[in-house]
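The values are calculated or read from the model by the stated rules, or taken from the named source; none is laboratory data. None of the values given here were measured: they were computed from a predicted structure. Reconstructed Cβ throughout: ideal geometry from the backbone, glycine too, with neighbour counts over all protein chains shown.
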Amino acid sequence: MKCFGFKFVEKDKINLDKKLLKKFGLKEGPYLQELKKGRNIRINGKTIKPTDVGRVIPGKKIGYIADTTICDNAYLIAEDTDILICEATFDQDLEEKARNRLHLTCKDAALIASQANAKKLVLFHFSQRYDDVSNLIEHAKEIFPNTVGAYDFMKIKF
């Protein structure tokens, strides 16, 4: 099955600790950029790893899934995302219609998020048959509590 979607994966960052830099006798210099890039440096015969003088801040992951049914690729996109933006065209009572039209239900989206270890689920691409999508959001929350519904000009903070 085709899955229309993508995943943005930000690179991990290294936050250098001034106290640890001082402990290793490191002052300002171009080698600090090497440490920030995750590369070891060699000073006075000693190898210093980025994790010796700082901590790794994992990069954020955002997944986007649209116009598909449940398939392996949907889970690959959703895997370990901080935010999963996923279609929920139909409520769970219209599962057959969703399959026939290559769409997901709110339950499908919640199951994908739950099983793929997503942190937050944002539902979108609701059928026009719904004047109020709050039921779809509530049904998804029964499976994946950290669920919200998208709206125009929505902003999401990590």
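Tabulated data for the structure shown
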| read-out | value |
| --- | --- |
| Considering residues of the stretch 11-63 that are within 32 Å of the chain's Cα centre (by Cα), of a type in the set (Lys, Arg) and in a loop (DSSP other than H, G, I, E, B) only, the residue nearest to Glu79 (Cα to Cα) | Lys60 |
| Cβ pairs under 7 Å, 6+ apart, first in the stretch 132-158 and in a helix (DSSP H, G or I), second among the aromatic types (Phe, Trp, Tyr) | Leu136/Phe126; Leu136/Tyr130 |
| Selection count where residues are closer than 10 Å to Thr69 by Cα and among the polar types (S, T, N, Q), scope the stretch 89-114 | 2 |
| Subset of the stretch 111-132 (residues that are over 14 Å from the mean Cα position of the chain (by Cα) and either buried (at least 19 other Cβ atoms within 10 Å of the Cβ) or within 12 Å of Cys86 (Cα to Cα) (or both)) | Leu111, Phe124, His125, Phe126 |
| Conditions (1) in contact with a Lys or Arg (Cβ under 8 Å, 6 or more places away or on another chain); (2) in the same structural domain as Leu111 (by TED's automatic domain parsing): number failed by Leu21 | (2) |
